[in-house]
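Following: one structure in C-alpha cells, then a few remarks.
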Amino acid sequence: MKPTTFAIRGAVCFSTAPEKLTCFENAFVICQNGRTVGVFPQLPAQFDGIPVRDVGEQLVIPGMNDLHLHAPQYAFHGMYMDLELLEWLNQVTFPEEARYRDLSYARKAYSIFAEDLQKSATTRACIFATLHVEATELLMDLMENTGLRTYIGKVNMDRNGTAELQEESAAVSTKDTIRWINDTAEKYENVKPILTPRFTPSCTDALMHALAELQKTYGLPVQSHLSENQSEIAWVHELCPNTSFYGEAYDQFGLFGGINCPTIMAHCVYSSDAEISLMKKRGVFIAHCPQSNTNLSSGIAPARRYLDEGLRIGLGTDIAGGHSLSMLRAIADAIQVSKLRWRLVDDSLKPLSLEEAFYMATMGGGAFFGNVGTFMENYEFDALILDDSILRHPQPLTARERLERLIYLSDDRCITGKYVSGNKIF
Ligand code: GUN
Ligand code: FE
C-alpha cells in the first residue's frame, strides 16, 4: 500500500511571506495525506519509522506555479521574436493555433508539451489551449496523466481572428463551450476547465455576456489578458468607448474577479490607478510575465507596486511570448526587469529581491490553487528536489546561495524529484 506519511530529507528553502525566505541546511519536510506537516531539524518522535527519501545535499523547495502559458504555442517557443503583440498574433500565433483543428497534429504537439512540462519545475499551471474543443480535451487527457494540477481553457474568440482561427458566432462559441464544460468539469482528478475569453479584441459583447452566464451557472474561474501592450490598449478603447479603462471591458460583464469568480489577468503592464484599484477590490490575480513582456517589447509591469499594495500576484512564462518553460528562469527575469524599470523608468519602485520573486513563483501564484506554495503546516505538499552538483563551485555555499544559483543557472537536468499534493511524479 502507498504510504500516506513520508519525509524528504535535504537542504530546505521556502517562503513564509513576500520578503521572508526560510532555509535549513539539513532538515526533514514531512508530508501526511498530501499536506505538509512541517519542516523539522530532526524527525519528531511520533514520526519515527516513516519512509524517508534522503536526498543528501540536494535542495528541497516548494513547486512552481505558472499562472499563464499557452500550450499550442510551445511548438514555436524560441522562434519569431522580432514582432510586437498584435503583429505577432496575426502573423505567427493565429496560423499556428489554427493547426490544432487537426487532431493528429494536436496529439504530436501536445504530447511534447505535456512531457516537457512534467519534467520542468512547474507543479501547477493555468493553461490556454485553442478554440478547438476536441484538441483541448486531448490536451486535458494528456495533462491529467502527468500528475501536475492544471486549469486548462478552451479559448473563446469570435472576432478579429483570421479565416482559419475564429469561431463562427457568439452562439457557436457558447454552444462549444457548454459541450466542453460538460465533457470535462467532472472528468479529471488533476485537470479542471477554466473560462478563457482570449482578450477583449477577440470577443464580442454577445460572447462576453454568454460567458458571464456560464461562469455563474458552472462556477468556473476565468483567465484572460489585460493591459499588455499600448496598441492593444488603444484598440480596446476604440472597441469599448463606454469604458474608461481596459479592465472595465471585462468587469462590465462580471468577468473580473469577485468572490465567486476567481480570475487571472496576464500582464498588467500599463494598468491605470483605477484599474489597479479595481483589481485589488475584486481580488484579481495578476500573472506577471517578464520574459514575454521583454520578447514582445511590451514593457515592464510594476510588479513591486502590485506586491507592496497587496495585490495578488504570481509569475507566468507566457509560452510562447516567453521562450522558456522554466519558472526558475521566470524568477530571475522578474528580478532583472525590475532592475531595469527602477534604473530607467521609475526610481521610486525598488527592484524585486530574490525573496520576493521566489515568493511570487511559489506562494503568490499558489494562492490561486488554494493552500499551495510553501512548506508551512497544512499546505498541499508540492515539492521539487534540485541537484546543483553539476554547477561546480570551489567553496561551500549556504542553502540560500545555492538556491539563487539554481534559479539563475539550472536546467531540467538539475530537477531530480517532484511531488504534487503528496503524489510522487518522479
Ligand atoms: N493577447 C491575446 N492573445 C495573446 C497571446 O496568445 N499571447 C499574449 N502574450 N498575449 C495575447
Ligand atoms: Fe498570453
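The values are calculated or read from the model by the stated rules, or taken from the named source; none is laboratory data. If you're wondering where the values come from, they're calculated on a predicted model, not measured in any experiment. Positions of Cβ are backbone-derived with ideal geometry, glycine not excepted, and every protein chain shown enters the neighbour counts. Ligands, DNA and RNA are stripped out before the accessible areas are found, and what is left, the full protein with its side chains, is counted by its heavy atoms. Shrake-Rupley method; radii C 1.70, N 1.55, O 1.52, S 1.80 Å.
Quick notes on this structure:
- Label-to-label distance, Glu87 versus Glu213, with points set 7 angstrom from Cα along the beta-carbon direction: 4.1 nm.
- Averaging the sequence gap over all C-alpha pairs within less than 8 Å and six or more residues apart, then dividing by the number of residues, gives the stretch 149-268 a relative contact order of 25 percent.
- Cβ-based charge dipole, the chain, positive-most Cα from Tyr250, Ile286, Met360: Met360
- Assigned charges on the beta-carbon of Lys, Arg, Asp, Glu; the stretch 10-57 dipole about Cα centre (debye): 200 debye
- Across the stretch 1-97, C-alpha contacts under 8 Å between residues 6 or more apart give a mean separation that, scaled by the residue count, equals a relative contact order of 28 percent.
- Of Tyr246, Tyr270, the residue with the largest accessible area leads and the full order is Tyr270, Tyr246 (1.4 Å probe).
- Rounded to 5, percent antiparallel among DSSP beta bridges of the chain: 45 percent
- Reciprocal mean inverse distance between Cα atoms of the chain - Kirkwood radius, Å: 21.8 Å
- Contour minus Cα-Cα distance for Lys281 and Ser231 (0.36 nm per residue): 15.3 nm
- Carbon and sulfur %, accessible surface of the stretch 308-426 computed with the full protein complex present, 1.4 Å: 48 percent
- Cα pair distances of the stretch 9-148 binned at 10 Å [whole percent]: 10, 30, 24, 18, 15, 3, 0
- Cα gyration tensor category, rounded, prolate or oblate, for the stretch 233-311 with a/c compared to 1.5: oblate
- Whether the stretch 327-401 is rounded, prolate or oblate, judged on the alpha carbon gyration tensor where a/c under 1.5 counts as rounded: oblate
- Alpha-carbon centroid distance for the pair the stretch 187-229 / the stretch 259-333, whole angstrom: 18 Å
- Calculated mean residue ellipticity at 222 nm for the chain: -10000 deg cm²/dmol, from DSSP H runs with n ≥ 4 weighted as -39500 (n - 2.57), summed, divided by the residue count and rounded to 500.
- Computed over the stretch 180-271, the ratio Rg/Rh where both radii use C-alpha atoms and Rh is Kirkwood: 0.99
- Surface analysis of the stretch 1-150 yields an accessible area of 41 Å² per residue, using protein heavy atoms and a 1.4 Å probe.
- For the stretch 1-125, the dipole from Cβ point charges (+1 on Lys and Arg, -1 on Asp and Glu) about the Cα centre works out to 600 debye, to the nearest 20.
- Greater than 25 Å apart at Cα, pairs in Lys154/Lys280; Lys281/Lys339; Lys119/Lys281; Lys20/Lys192; Lys20/Lys350: Lys154/Lys280; Lys281/Lys339; Lys119/Lys281; Lys20/Lys192
- In the chain, Cα pairs under 8 Å separated by at least six residues give a relative contact order of 21 percent.
- Selection among Tyr100, Trp88, Ser421 by position relative to the dipole of the chain gives Ser421 as farthest towards the positive end (Cβ unit charges, Cα centre).
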